[in-house]
Amino acid sequence: MIRQLAGIPERARFALAEALSVIVVDPYDPTFSEPTPNRQVRQAVFGEVGLVEYLIWDGLLVVIAVDIVWGG
């Protein structure tokens with residue numbers, strides 16, 4: 001994940017941070033994110049050019065970004 005952030009433009013970093021701030025409030029929000037085959041993993045678009053995939057640990061109340069893809 002850290003390697004994926006290397007070289008990401010500032011505008012995309014801010015968009016990712018904004019998306020993550022929404023995700024941590026309600027990681028299952030169907031208006032902001034989409035499910036994957038694994039119920040604990042969801043994905044959300046950020047900044048119109050990126051996609052973040054994240055893991056939800058309900059028991060610990062933790063959300064972990066596990067993969068990002070961005071174009072630019």
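Please treat every number below as a calculation from the coordinates, not as lab data. This one's a predicted model, so the numbers in the text were calculated from it and none came from an experiment. Heads up, the Cβs are rebuilt from the backbone with ideal geometry, glycines too, and the neighbour counts pull from every protein chain shown.
Figures for the structure shown
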{"item": "Compactness of the chain - radius of gyration and Dmax, Cα, Å", "result": "11.7, 36"}
{"item": "Theoretical gain in end-to-end length, F32 to W57 [0.36 nm per residue, Cα-Cα removed]", "result": "7.2 nm"}
{"item": "The stretch 2-70 - percent relative contact order, Cα under 8 Å, separation 6 or more", "result": "27"}
{"item": "Sorted by Cβ density within 10 Å, fewest first, the residues F32, F14", "result": "F14, F32"}
{"item": "Surrounding net charge for P27, when Lys and Arg each add one and Asp and Glu each subtract one, Cβ distance under 10 Å", "result": "-2"}
